[in-house]
Amino acid sequence: MLPLPNRLIAGLAALIAGTALQGSAIAADGHFTAEQAARGQTQYNSNCGSCHGMQLEGGVGPTLKGVDFLGNWGTAGGIYDYFSVAMPPTAPGKLGEDVYVDILAYILSVNGLAAGSEEMTADASVMNAINLTEAAAANAGAASAQTATTAEVQFEGPVPQAFTFGKSLPTKQPDGSVQDVVSGSAAANP
């Protein structure tokens, strides 16, 4: 059995190969502008940096960069769907759609994804098609991915980490409202 980092690389390689065959994912690069990432950096520094580190290196909150981070989420939509209702822990979901999208653009830029000519929006179909496992594999290095075999792949599933100070996370409903899983009450999307 391969050590965990090699299994992760092998898993990422298998996912990329499967995605390429399906043709369902779109390239991860070019879905935000440099200006949007710059706005996102300002918002990140104000709202996220105290827990996740000013360089996304982690601290009280988990790291928001690197192969493990990208591979954990799979798509940009996975990240957005989570943090737009769960972060910051003192006011989950309260920053506004544009702010969350700008912060995501910044996080993607720090993780090596290239900016493009059009701003990212909160369009779920586009965000869910932005394949971050492709970016994670590129960051891991092609040489390492080639040495792994898909027969030895073992998936343990993503484990998003959050610091919610003992509160249950709200869940986003298809209509855009946020459902409080404890009280069952729904609030309109801010």
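Please treat every number below as a calculation from the coordinates, not as lab data. All of these numbers come straight from a predicted model, not from anything done at the bench. Cβ sites come from the backbone with ideal geometry, for glycine too, and all protein chains shown count toward neighbours.
Cβ neighbours within 10 Å, averaged per peptide: list 92-99, 30-37 in order, most packed at the top.
For the peptides 92-99, 30-37, the packing ranking is 30-37, 92-99.
Given the peptides 66-74, 111-119, arrange them by the average over their residues of other C-beta atoms within 10 Å, most packed first.
The packing order, highest mean first, is 66-74, 111-119.
Scan around Asn131 for amide H atoms under 5 Å from its own, H built in the peptide plane at 1.01 Å from N, and keep only partners 5 or more places away or cross-chain.
Ile26, Ala28
Going highest first, how would you order 102-109, 124-131 by mean Cβ packing within 10 Å?
Ranking, from highest mean packing down: 102-109, 124-131.
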